[in-house]
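Engineer: Below you will find the structure I want to go over with you.
The values are calculated or read from the model by the stated rules, or taken from the named source; none is laboratory data. Note that the coordinates shown come from a computational prediction; the quantities given were computed from them, not determined experimentally. Please note: Cβ atoms are built from the backbone with ideal geometry, for glycine as well, and neighbour counts cover all protein chains shown. What goes into the accessible areas is simple: the full protein's heavy atoms, side chains included, and nothing from ligands, DNA or RNA. Shrake-Rupley method; radii C 1.70, N 1.55, O 1.52, S 1.80 Å.
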Amino acid sequence: MELRDYLRVIRANWILIALSALIGVAVSTGYSLTATPQYQSTTKLYVSARANDSGATADLAQGTSFARQAVSSYVSVVNSASVLDRVIADLDLDTTSAALASKVSASSPANTVLIDITVTSEDPVAAAAIANSVGKNTAYVVTTKLETSGQGQSPVKVQTIQTAVAPTRPTSPRMSTDIALGLVLGLGVGVLIAFLRSVLDNRVRTALDIERTTDRPILGVISLDHDAAKRPLVFHTEPRSPRAESYRSLRTNLQFTNLDNQRSYVITSSVPREGKTTTSVNLAIALAETGARVALVDGDLRLPKVAERMGIEGAAGLTDVLINRARLADVLQRWGSGQLYVLAAGLLPPNPSELLGSTAMAALIDDLTGEFDYVLVDAPPILLVTDAAVISKSTGGVILTAACGKVKKNELAASLRALGQIGSHLAGIVFTMLPERQADSDGYGAYTQMALRDSAADVPGGRRARRAKGK
Ligand SMILES: Nc1ncnc2c1ncn2[C@@H]1O[C@H](COP(=O)(O)OP(=O)(O)O)[C@@H](O)[C@H]1O
Ligand SMILES: [Mg+2]
């Protein structure tokens, strides 16, 4: 992954990350508001070896080094029952030494003769009182029980150098710290989930995913348009919209790749609902816009949608011609003011693959190619049925649509393999339903703009054209 990929994952999942951060903040705020405040109070003890009467420096140094070593054992004494039981008795507490031990912590800063004793309690005054009592009783136990020299005076001296006082502010919850922590944790969890999702995601999401799968060109990029279902013929109804422009650049790219003068194409996809029909009808209109004669055939005899999308009568069509029930000229319907003719699917047969693979079908496409500048055949998905593969035998090229976030990488690879195995000529891929945001971040925004300028003049050149011709 490059930095760009990381940024893309974060950008694509920003809602999830923001939500996770929000949950983090909400949980920590909730905790801060409901948790019982805890107070901490600390006392400090100083341990020293009782100096000899001689007061010699050597003795003093020896005493200090002894105290330093001893202090680490005294730290454990603080929490022992022998000290805490005395505290409980002194303060008349209603608890056990084990329960009290969990509230008392002792430590000794490295290489010092100090012992810090900290007591946590819901009551600030009690925290201080307990801390002081623990300090006093630690000193008592150490000097009278543990370090006795037999002559009455202990060789060790334990002094309190800081008395515990009742704190005015609780140590927890600390609203601002807790919220900051919740925010950071929430963000972290969100980012983690986002990356897990992207690692586990095997759908085609970027143009790069396609380029990694095939070296055939991406002929066009159609952005995601939530109104596509309501207004499928956006090219027609909104000729200046970006989506219409993307069909124009698809048209231009198709013209560039059309080096062997193939003029008939079958449009298919790996799985259903990848925008085959939408691409077919809009590309047909885009081609007719240039004044070319275009025939659009609904070759999807399982789920025909062309007639419906174009708002024409679909009762008679392709199947009627194939079984000789109607003449082509009678069922071919002119659409719009240009030279666009549409052949609907007609009655649905029980044996679509057989019909589409018949010599009648090959002859029909031959006829159409002779009469029209472009022939487009809308077909079912290639991984589901053989129809598209069968039709591709009679057409000059295949246009494969791949829907962003819908088709899986292995599915795209499988359909490319299938097309390769039957020796179909893949003209290129149309990447559909690309979210606008991503279109920009992938540089396809600029790409489309470039395509616009080129397609307006229909001149060769430009980055897109070079790309379209293959690398
Ligand atoms: N660019 C797009 N953005 C959003 N929705 C789209 C787009 N293209 C097609 N659709 C919608 O996706 C669905 C499937 O499209 P369609 O062209 O019928 O796919 P197919 O022919 O591959 O099954 C339809 O509801 C259509 O309106
Ligand atoms: Mg369709």
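Engineer: Which condition breaks for Ser82 when tested against (1) of a type in the set (S, T, N, Q); (2) loosely packed, with under 13 Cβ neighbours inside 10 Å; (3) touching a residue at least 24 places away in the same chain (Cβ under 8 Å); (4) assigned to a helix (DSSP H, G or I)?
Structural biologist: It fails just one condition, (2).
Engineer: Find the residue count for region 356-377, including only residues that are more than 14 Å from Leu287 (Cβ to Cβ) and within 44 Å of the chain's Cα centre (by Cα).
Structural biologist: Of the residues in that region, 2 qualify.
Engineer: Consider region 164-177. How many of its residues are surrounded by 14 or more Cβ atoms within 10 Å (Cβ to Cβ) and either within 25 Å of Ser108 (Cα to Cα) or more than 56 Å from the chain's Cα centre (by Cα) (or both)?
Structural biologist: 7
Engineer: Between a residue in region 219-238 that is over 16 Å from Ser249 (Cβ atoms) and any residue that is open to solvent by less than 50 Å² (accessible area, probe 1.4 Å) and near ligand 1 (Cβ under 6 Å from one of its atoms), which pairs come within a Cβ distance under 6 Å, given they are 6 or more apart or on different chains?
Structural biologist: Final answer for the pair search is Pro232/Thr278.
Engineer: Anything in region 297-347 that is over 47 Å from the mean Cα position of the chain (by Cα) and either within 16 Å of ligand 2 (Cβ to nearest atom) or of a type in the set (D, E, K, R) (or both)? List them, or say none.
Structural biologist: The answer is Asp320, Arg325, Arg327, Asp330.
Engineer: Open to solvent by 10 Å² or more (accessible area, probe 1.4 Å), within 18 Å of Gly220 (Cα to Cα) and either of a type in the set (A, V, I, L, M) or within 16 Å of ligand 1 (Cβ to nearest atom) (or both): does that describe Pro242? Give the derivation first.
Structural biologist: Values: open to solvent by 10 Å² or more (accessible area, probe 1.4 Å): yes; within 18 Å of Gly220 (Cα to Cα): yes; either of a type in the set (A, V, I, L, M) or within 16 Å of ligand 1 (Cβ to nearest atom) (or both): yes.
Criteria met by Pro242.
Engineer: Looking at Asp387, is it in the same structural domain as Ala284 (by TED's automatic domain parsing), of a type in the set (Asp, Glu) and over 21 Å from Ala418 (Cβ atoms)? Spell out the reasoning first.
Structural biologist: On the way: in the same structural domain as Ala284 (by TED's automatic domain parsing): yes; of a type in the set (Asp, Glu): yes; over 21 Å from Ala418 (Cβ atoms): no.
In short, no.
Engineer: Being among the hydroxyl-bearing types (Ser, Thr, Tyr) and in contact with a Gly (Cβ under 9 Å, 6 or more places away or on another chain) narrows it down to one residue among Thr171, Thr160; which is it? Before you say what the answer is, go through the steps one by one.
Structural biologist: Working: Thr171 fails: in contact with a Gly (Cβ under 9 Å, 6 or more places away or on another chain).
Residue meeting the stated conditions: Thr160.
Engineer: In region 138-162, what residues are exposed (fewer than 14 other Cβ atoms within 10 Å of the Cβ) and more than 19 Å from Ser73 (Cβ to Cβ)?
Structural biologist: Gly150, Gln151, Gly152, Gln153, Ile161
Engineer: Might you check whether a residue that is in contact with a strand residue (DSSP E or B) (Cβ under 8 Å, 6 or more places away or on another chain) and surrounded by fewer than 16 Cβ atoms within 10 Å (Cβ to Cβ) occurs anywhere in region 117-130?
Structural biologist: Within region 117-130, one or more residues are in contact with a strand residue (DSSP E or B) (Cβ under 8 Å, 6 or more places away or on another chain) and surrounded by fewer than 16 Cβ atoms within 10 Å (Cβ to Cβ).
Engineer: Give region 137-159 a look and list any residue that's of a type in the set (D, E, K, R) and part of a helix (DSSP H, G or I), or say none. Walk me through it before giving the result.
Structural biologist: Let us first name the residues in region 137-159 that are of a type in the set (D, E, K, R), namely 145, 147, 157.
Matches in region 137-159: Lys145 only.
Engineer: With the requirement that a residue be more than 16 Å from ligand 2 (Cβ to nearest atom) and part of a strand (DSSP E or B), what does region 366-407 give you?
Structural biologist: The answer is Tyr374, Val375, Gly397.
Engineer: What do you reckon, is Ala414 over 22 Å from Thr278 (Cβ atoms) and either in a strand (DSSP E or B) or of a type in the set (Gly, Ala, Ser) (or both)?
Structural biologist: On the way: over 22 Å from Thr278 (Cβ atoms): yes; either in a strand (DSSP E or B) or of a type in the set (Gly, Ala, Ser) (or both): yes.
When the stated conditions are applied, Ala414 passes them.
For (1) within 14 Å of ligand 1 (Cβ to nearest atom); (2) over 24 Å from Pro349 (Cα atoms); (3) open to solvent by 10 Å² or more (accessible area, probe 1.4 Å), each residue gets a yes or a no:
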{"position": "Pro380", "(1), (2), (3)": "yes, no, no"}
{"position": "Leu383", "(1), (2), (3)": "yes, no, yes"}
{"position": "Ile399", "(1), (2), (3)": "yes, yes, no"}
{"position": "Ala402", "(1), (2), (3)": "yes, yes, no"}
{"position": "Leu416", "(1), (2), (3)": "no, yes, yes"}
{"position": "Leu434", "(1), (2), (3)": "yes, yes, no"}
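Engineer: Now a separate question. Suppose the filter is open to solvent by less than 80 Å² (accessible area, probe 1.4 Å) and part of a helix (DSSP H, G or I); does Ala180 pass it? Write out each step before concluding.
Structural biologist: Values: open to solvent by less than 80 Å² (accessible area, probe 1.4 Å): yes; part of a helix (DSSP H, G or I): yes.
For Ala180, the condition - open to solvent by less than 80 Å² (accessible area, probe 1.4 Å) and part of a helix (DSSP H, G or I) - is met.
Engineer: Next question. Only one of these is free of Cβ contacts under 8 Å to residues at least 40 places away in the same chain and of a type in the set (Lys, Arg): Arg263, Arg251, Arg243. Name it.
Structural biologist: On the way: Arg263 fails: free of Cβ contacts under 8 Å to residues at least 40 places away in the same chain; Arg251 fails: free of Cβ contacts under 8 Å to residues at least 40 places away in the same chain.
So the residue among Arg263, Arg251, Arg243 that is free of Cβ contacts under 8 Å to residues at least 40 places away in the same chain and of a type in the set (Lys, Arg) is Arg243.
Engineer: Here is a further query. Of all the helices (runs of 4 or more DSSP H) wholly in region 251-357, which have at least 2 residues that are closer than 30 Å to Ala413 by Cα, among the β-branched types (Val, Ile, Thr) and open to solvent by less than 50 Å² (accessible area, probe 1.4 Å)?
Structural biologist: Details: elements: 276-289, 306-310, 318-322, 328-331, 352-356.
Because the criterion is at least 2 residues that are closer than 30 Å to Ala413 by Cα, among the β-branched types (Val, Ile, Thr) and open to solvent by less than 50 Å² (accessible area, probe 1.4 Å), the helices (runs of 4 or more DSSP H) in region 251-357 that meet it are 276-289.
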